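Every read-out reported here was derived from the displayed coordinates using simple, explicitly stated rules and does not represent laboratory data. Worth saying up front: this structure is predicted, and the values here are computed from it rather than measured. Cβ: placed from backbone, ideal geometry, glycine included. Neighbour counts: every protein chain shown.
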Amino acid sequence: MMGGMSRWSPNARGRLEQAAYELFRDRGYERTTVADIAKQAGLTERTFFRHYADKREVLFGGAVSLQDELLRALNDAPPTLPTIEAVRIAVEAAMRLFHGRRALARERQRIIAANADLQERELIKRATLTAALAHALQKRGVPESSANLAADMGIGVFYVGFVQWLNDPAERELVEIVHDGFDQLKLVASGT
């Protein structure tokens, strides 16, 4: 023990995330410091910085996993699939990461909606996901303009579906809502 705080703690990242969300909710994002989060979690600031670059990254730390899963699923999709079907498979696979996390996602969305800097960071995350998906589609042989369009549509379906999922009275899974979103996209594209 150092200064009343354990040098090693199991699930430090999860404890920091939980502490941050509690403090962001109770005090507001702007009035919460890294020191506050570490103290609330029973950890040191040094431990915090081993897991997160700053307090903002507590809210965006999952972006790398989301992108990795999106690209992994796209790479695993059969190369003969039509582009938009490959995108559907990739986006739906990534949506499985949200299983069981609806309450946390709602809280995260509320925090982001209340802060202009966080909204900007969310837009950057969206652009980064779209660019990564477009690049991966180009590596599959999709022409650049088609890859950009398909990636933008796919990530758009994700974001529209995500908002629906947060407020879905039937509590459907995100992957189901996104699947329906791709079906709606096909109807819009066919003029139906």
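List of remarks:
- 0 to 90° range, to nearest 10: angle between helix 12-27 axis and the chain longest Cα axis: 80
- Its relative contact order, with pairs defined as Cα atoms under 8 Å and 6+ residues apart, puts the chain at 18 percent.
- Separation of the Ser145 and Asp168 label points, Cα + 7 Å toward Cβ, nm: 3.6
- Axis angle, to the nearest 10 degrees, between helix 116-139 and the longest C-alpha principal axis of the chain: 40 degrees.
- Distance from segment 19-49 to segment 80-118 (C-alpha centre basis), Å: 25
- Length released on extending from Glu57 to Arg25, taking residue separation times 0.36 nm less the Cα-Cα span: 9.9 nm
- Relative contact order for segment 1-97, counting Cα pairs under 8 Å that sit 6 or more residues apart, in percent: 21
- Lysine pairs in the chain with Cα atoms under 28 Å, if 8 or more residues apart or on separate chains: 5
- The charge dipole of segment 62-190, taken about the Cα centre with unit charges on the Cβ atoms of Lys, Arg (+1) and Asp, Glu (-1), comes to about 200 debye, rounded to the nearest 20.
- Residue-averaged 222 nm ellipticity for the chain, from DSSP H runs of 4+ at -39500 (n - 2.57), nearest 500: -23500 deg cm²/dmol
- Ratio of Rg to Rh for segment 12-54: 0.92 [Cα atoms; Kirkwood radius as inverse mean 1/r over pairs].
- Square roots of five times the Cα gyration tensor eigenvalues for the chain, Å: 36, 18, 14
- Within the listed set Ala136, Ala73, Ala53, the Gaussian network model of the chain (springs between alpha-carbon atoms below 10 Å) gives the highest mean-square fluctuation for Ala53.
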